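The values are calculated or read from the model by the stated rules, or taken from the named source; none is laboratory data. Here the structure is a predicted model, which means the values were calculated and not measured. Here the Cβ positions follow ideal geometry from the backbone for every residue, glycine too, while neighbour counts run over all protein chains shown. All accessible areas refer to the heavy atoms of the entire protein, side chains included, with ligands and DNA or RNA removed. Shrake-Rupley method; radii C 1.70, N 1.55, O 1.52, S 1.80 Å.
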Amino acid sequence: MRKSGLLVHKILHTLGDMVQEGMSTWELELAAVKMMEDAGAKPAFKNYYVPAAGERYRFVLCTSINEEIVHGMPNAKKFLKSGDIVSIDTGVSLNGYFGDSALTVPVGAVSDKVKKLLQVTEQSLELAIDKVREGNRLFDICGTVEKHVVDNGFSIVREYVGHGIGTQLHEEPQVPNYVDRRNENPRLREGMVLAIEPMVNAGKPDAKVLKDKWTAVAKDGSYSAHFEHCVAVTANGPWVLTRP
Ligand code: MF3
Ligand code: CO
């Protein structure tokens, strides 16, 4: 999992550095396909069946622009412009072990409010990572993201959640970015790996899916940010597998 995590990191940061005004999200897709091929890795998202969509996903990346929360699809006719934000989310498997990570980058100049949205979302992930310790419980992670986001005036998307990860992309437990007392609250044990992925709207939390069956957007059209890392519980504390 460390190997796939580091490959995902390399791909995401290469793509993040490529982002500029005027380019299409399809260019990002093509670059990601090439890097996966060169590394002998299998894309984790392409052909992945998602019951809610009722079909298989067709790309190696999700590229979600502005009010798009997750599952935006790379598109040769969609061009990035100054003031946009774009979330890039990808996963791979190497020898059957998965890695999954996402980041959101600004295009050209964005407003102070949008800068704060990106900062707060990434900080909420960092604060949650620090809770990935033996003896803590799942709700410590969920509650940490929720509190930081709400305290800063933004809102948590509830329809999409993080997940366990290992020999499959999505394993138990679900990792919501909020505490829901109806869910189980397992203790964290050495060897568990969680994909923590706050999805945060600048406006109201409500989401809807577009007619394309995939793209989840903020209902009120407000900007939405997304960051994700895979984090292992070790005897020495959290180990973020998806960064060096
Ligand atoms: N990054 C998302 C996740 O962590 C996307 C996977 S869904 C797919 O669950 F269809 F794109 F594969
Ligand atoms: Co994920």
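Backbone geometry of the range 105-120 corresponds, through the Karplus equation with coefficients 6.51, -1.76 and 1.60 at θ = phi - 60°, to 3J(HN,Hα) couplings of 10, x, 10, x, 9, 10, 5, 4, 4, 5, 4, 5, 4, 5, 4, 5 Hz, x marking Gly and Pro. How many percent of the accessible area of the range 2-240 is carbon or sulfur, using a 1.4 Å probe? Percent of accessible area from carbon and sulfur atoms in the range 2-240: 49.
3J(HN,Hα) couplings calculated from phi for the range 220-232 with the Karplus curve 6.51 cos²θ - 1.76 cosθ + 1.60 (θ = phi - 60°) are, in sequence order, 7, x, 6, 5, 9, 10, 8, 10, 8, 9, 8, 10, 9 Hz; Gly and Pro show x.
Which order do the peptides 97-104, 67-74 come out in when sorted by mean C-beta neighbours inside 10 angstrom, highest first? Don't skip to the answer; put the middle values down first.
Values: 97-104: 25.0, 67-74: 23.2.
Top of the packing list down: 97-104, 67-74.
If you run the Gaussian network model on the chain, springs between alpha carbon atoms under 10 Å, then out of 92, 110, 33 the most flexible one is 110. Between residue 181 and residue 50, the distance separating the two model label sites (each 7 Å from Cα on the Cα→Cβ line) works out to 3.2 nm.
Taking every protein chain into account, the 1.4 Å probe leaves residue 19 with about 20 Å² of accessible area, to the nearest ten.
Summed over the residues of the chain and divided among them, the accessible surface reaches 46 Å² per residue at a probe radius of 1.4 Å.
Hey, what's the Kirkwood Rh for the chain if you take every pair of different alpha carbons, in angstrom?
Working: mean 1/r = 0.0563 Å⁻¹.
The answer is 17.8 Å.
Taken one residue at a time, the phi angles of the range 68-81 give Karplus couplings (6.51, -1.76, 1.60, θ = phi - 60°) of 6, 8, 8, 6, x, 9, x, 8, 5, 9, 9, 10, 7, 10 Hz. Gly and Pro are set to x. Translational diffusion coefficient of the range 2-146 (Stokes-Einstein, Kirkwood radius from Cα pairs, 20 °C, 1.002 mPa s): 131 µm²/s. Taking a Cβ cut-off of under 11 Å around residue 159, the surrounding Lys, Arg, Asp and Glu residues balance to a net charge of +2, with basic ones at +1 and acidic ones at -1.
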